[in-house]
1. Taking the residues in segment 82-104 that are assigned to a strand (DSSP E or B) and among the β-branched types (Val, Ile, Thr) as candidates, determine which candidate is surrounded by the fewest Cβ atoms within 10 Å (Cβ to Cβ).
2. Would a scan of segment 159-173 turn up a residue that is modelled with pLDDT of 90 or more, of a type in the set (Ser, Thr, Tyr) and assigned to a loop (DSSP other than H, G, I, E, B)?
3. Could you identify the single residue in Leu78, Leu86 that is at pLDDT 90 or above and in contact with a Ser or Thr (Cβ under 6 Å, 6 or more places away or on another chain)?
4. If I filter segment 184-202 down to residues being assigned to a loop (DSSP other than H, G, I, E, B) and surrounded by 14 or more Cβ atoms within 10 Å (Cβ to Cβ), which single residue comes out as modelled with the lowest pLDDT?
5. If you go through segment 134-155 one residue at a time, do you hit one that is part of a strand (DSSP E or B), at pLDDT 85 or above, crowded, with 17+ Cβ neighbours inside 10 Å and within 27 Å of the chain's Cα centre (by Cα)?
Amino acid sequence: MEVFDFEKEKEERGIFDWREVFERNKYSILFLLTGLFLVAAGILGFKFITLEDSPKVEILNEEDSFLENKEENEKKILAEIAGAVLNPGVYELDFGSRVSDLITAAGGFSAQADRDWVSKNINQAQKLADGGKVYIPKISDSAKLPNSSDKINLNTASASELESLWGIGEATAKKIIESRPYQKTEEILEKKIIKSNVWEKIKDQITVF
């Protein structure tokens, strides 16, 4: 009985066997597939890193931005001005107004205003805070005060300068600043900011202008 030889038949007929090809070249094929996988992984990784590092673009809602700016522009503040201006008083101004705007609202300086002092001591470009105060002295104010340059001005002194006075601590210095402006030194006693014994000690060391 003749045994069928598949291998011989395959060679005679020229049958192509993929399994045989794979067996002979399996390492080369595996190496090629591994290389393709690594290349694909590298491309995906590069795209991911690029997306992570790219700047985020935030799309602003124009309507919300407009409403926010409109709301801020419509805010009002109250500020007081006293002393040598035509119309001293409390004024309602737009948010972001300057000291110069408050002076203009009060009608400008009066003829008695000490413009030289103002130019040296008041920054008219400074923004006003809600509840702020500005005092414009008269020329005659400083002239009436002997040795006024050696005294502490209640209207302009810093907290540390006020605390250098006898009996004035941090809390009292804060009250003095919050109660500005002063037309006369006696007001810190009349407003009960300090006691009479403190007044007697410091009355010759303070001034207002």
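The values are calculated or read from the model by the stated rules, or taken from the named source; none is laboratory data. As the structure is a prediction and not an experimental result, all values here were calculated from the model. Cβ coordinates were reconstructed from backbone atoms using ideal geometry, including for glycine residues, and neighbour counts include every protein chain displayed.
1. Initial filter on segment 82-104 (assigned to a strand (DSSP E or B)): 82-83, 85, 89-94, 98.
From what is left, the residues that are among the β-branched types (Val, Ile, Thr) are 85, 90.
On the way: Val85: 22, Val90: 11.
Restricting to residues being assigned to a strand (DSSP E or B) and among the β-branched types (Val, Ile, Thr), the top hit is Val90.
2. Residues of segment 159-173 modelled with pLDDT of 90 or more: 162-173.
Filter once more, so that each one left must be of a type in the set (Ser, Thr, Tyr): 164, 172.
Remaining after also requiring assigned to a loop (DSSP other than H, G, I, E, B): 164.
Checked against the condition, which is being modelled with pLDDT of 90 or more, of a type in the set (Ser, Thr, Tyr) and assigned to a loop (DSSP other than H, G, I, E, B), segment 159-173 yields at least one hit.
3. On the way: Leu78 fails: in contact with a Ser or Thr (Cβ under 6 Å, 6 or more places away or on another chain).
When all the criteria are applied, what remains is Leu86.
4. So, considering only residues that are assigned to a loop (DSSP other than H, G, I, E, B) and surrounded by 14 or more Cβ atoms within 10 Å (Cβ to Cβ), the one modelled with the lowest pLDDT is Thr185.
5. Yes, that holds for at least one residue.
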